[in-house]
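Working notes, beginning with the structure itself.
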Amino acid sequence: MRIDVWSQILTPEMATAPWLATLNRWTGRTDPSQTEGVEETIAAMDAAEIDLSLLSAWYGPSGPLISNEIVADQVARAPDRFRGLASADIRRPGDAAREVRTWITEYGFVGVRIVPWLWDLPPNDRRYYPIYAACAELGVPLCTQIGHTGPLLRSETGRPIPYLEDVLLEFPDLKIVGGHLGFPWIDELVSLSIKFPNFYVDTSAYVARRFPPAFVDFMKGIGRGRVMFGTNWPMLAPADCLADLASLGLSETEENAFLGGTARKVFGL
């Protein structure tokens with residue numbers, strides 16, 4: 001089973017957000033309000049033989065950009081192809097924790113995605129902690145972003161050390177998936193992987209030919225079995241992300257883990 005662990009079906013509200021202008025420009029989206037739907041997403045998955053995509057909800061200071069309700073509707077339209085990742089408004093931490101619990105326990109969402117750069121708050125800010133506790137208790141992963149930020153917002157919140165390290169120290173049972181490789185802080189990514197067996201990374205927002213050499217070495221070394229495939233669809237299509245997969249020189253075991261085996265274990269799929 002091939003699994004894309006980071007994708008979303010954009011709403012017009014998110015697609016036209018001012019901070020997304022850089023990604024729209026890089027990907028040639030001349031009319032961001034024209035968004036891909038469920039059918040287009042499945043067609044893109046089929047072109048790369050992707051069996052399952054994890055669709056993310058997005059919440060930020062302006063409110064829901066892709067609500068949990070919208071994601072639930074998307075999943076319901078193709079339940080054999082999609083699973084949901086919940087999110088919430090962290091300005092009311094107690095309510096946020098209750099919300100993600102509901103979507104996980106009652107609606108079958110398989111994890112939570114929180115994007116720190118959208119809040120301009122590092123992952124060790126106390127407002128996230130009730131959500132972390134809920135994820136740890138329920139045994140689902142917390143998905144976040146590490147590394148620099150493509151959208152027009154600060155990148156500092158994506159630095160793995162000390163921000164994410166604090167969370168891993170304080171929540172030793174929490175599974176964390178850091179998206180977008182972690183560049184330019186690959187050494188910090190390697191350090192956290194050595195130290196914390198419950199820390200994983202996904203390759204969303206990068207095509208295979210753009211993986212830094214140090215990251216490819218990581219995939220074949222200490223990161224073996226800790227790296228998952230992601231696209232950041234619709235910013236990148238699955239087929240483009242995988243076009244140069246053979247150039248990485250992964251063994252059959254490493255490639256199988258990367259394309260789905262690790263995700264099945266971490267997300268309980």
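In the chain, carbon and sulfur make up what percent of the accessible area (probe 1.4 Å)?
Values: 5610 of 10880 Å².
The C+S portion of the solvent-accessible surface of the chain is 52 percent.
Can you give the three extents of the C-alpha atoms in the chain along their principal axes, from longest to shortest, in whole Å?
Dimensions of the chain along the principal axes of its Cα atoms: 46, 42, 34 Å.
Over the residues of region 45-122, compute the C-alpha Rg and express it relative to 2.2 N^0.38 Å. Write out the running numbers ahead of the final one.
Working: Rg = 13.2 Å, N = 78, 2.2 N^0.38 = 11.5 Å.
Here the Cα radius of gyration is 1.14 times the empirical estimate.
How much length would be gained if the chain were fully extended between SER251 and ARG98, taking 0.36 nm per residue of separation minus their Cα-Cα distance, in nm to one decimal?
Values: separation 153, 0.36 × 153 = 55.08 nm, distance 4.23 nm.
Full extension from SER251 to ARG98 adds 50.9 nm.
Anyone know which of VAL201, VAL100, VAL38 comes out most mobile in the 10 Å Cα GNM of the chain?
VAL38
If I take R0 = 45 Å and measure r between the Cβ atoms of ASP73 and SER191 in this structure, what FRET efficiency does the formula 1/(1 + (r/R0)^6) give, to the nearest 0.05? Let's see the in-between values first.
Working: r = 40 Å, r/R0 = 0.90.
That pair, ASP73 with SER191, gives E of 0.65.
Under 10 °C and 1.306 mPa s, how fast does region 176-232 diffuse according to Stokes-Einstein, given a Kirkwood radius computed over C-alpha pairs? Answer in µm²/s, whole number.
Details: Rh = 11.0 Å.
Approximately 144 µm²/s, per Stokes-Einstein.
Would you calculate the separation in nanometres between label points at ARG209 and ALA21, each defined as 7 Å from the Cα along the Cα-to-beta-carbon direction?
In this crude spin-label approximation the distance works out to 3.0 nm.
Output the Cα-based Rg and Dmax of region 86-163 in Å, rounding Rg to one decimal and Dmax to a whole number.
12.5, 35
Scale the Cα Rg of region 26-167 by the rule-of-thumb value 2.2 N^0.38 Å and send over the ratio, two decimals. Let's see the in-between values first.
Working: Rg = 15.7 Å, N = 142, 2.2 N^0.38 = 14.5 Å.
In units of the globular-protein estimate, region 26-167 measures up at 1.09.
Kindly provide the trypsin sites (Lys or Arg not before Pro) of region 66-154 that DSSP labels as loop, not H, G, I, E or B, and whose Cβ sees at most 15 other Cβ atoms within 10 Å. Numbers along the way, then the final one.
Working: sites: ARG77, ARG81, ARG83, ARG91, ARG98, ARG101, ARG113, ARG126, ARG127, ARG154; in loops: ARG81, ARG91, ARG154.
Within region 66-154, the qualifying trypsin sites (Lys or Arg not before Pro) (loop, at most 15 other Cβ atoms within 10 Å) are ARG91, ARG154.
Considering only C-alpha atoms, what is the centroid distance from region 102-140 to region 27-60, in Å?
Each part reduced to its Cα centre gives a spacing of 23 Å.
Provide Rg and Dmax in Å for region 128-264, with only Cα atoms included in the calculation.
Cα-based Rg and Dmax for region 128-264 come out at 14.4, 42 Å.
Convex hull over the Cα atoms of region 124-204, averaged projected area in nm²? All intermediate terms of the calculation are to be shown ahead of the outcome.
Numbers: hull surface 20.3 nm².
So the mean shadow area of the Cα hull is 5.1 nm².
Accessible area per residue for the chain in Å², computed with a 1.4 Å probe and the full protein assembly in place, what is it? Before the final figure, lay out the partial values.
Values: 10880 Å² over 269 residues.
I get 40 Å² per residue for this part.
The values are calculated or read from the model by the stated rules, or taken from the named source; none is laboratory data. All values derive from a computational prediction rather than experimental measurement. Note that we place each Cβ from the backbone using ideal geometry, even for glycine, and neighbour counts take in every protein chain shown. Calculation scope for accessible area: heavy atoms of the full protein, side chains included, ligands and nucleic acids excluded. Shrake-Rupley method; radii C 1.70, N 1.55, O 1.52, S 1.80 Å.
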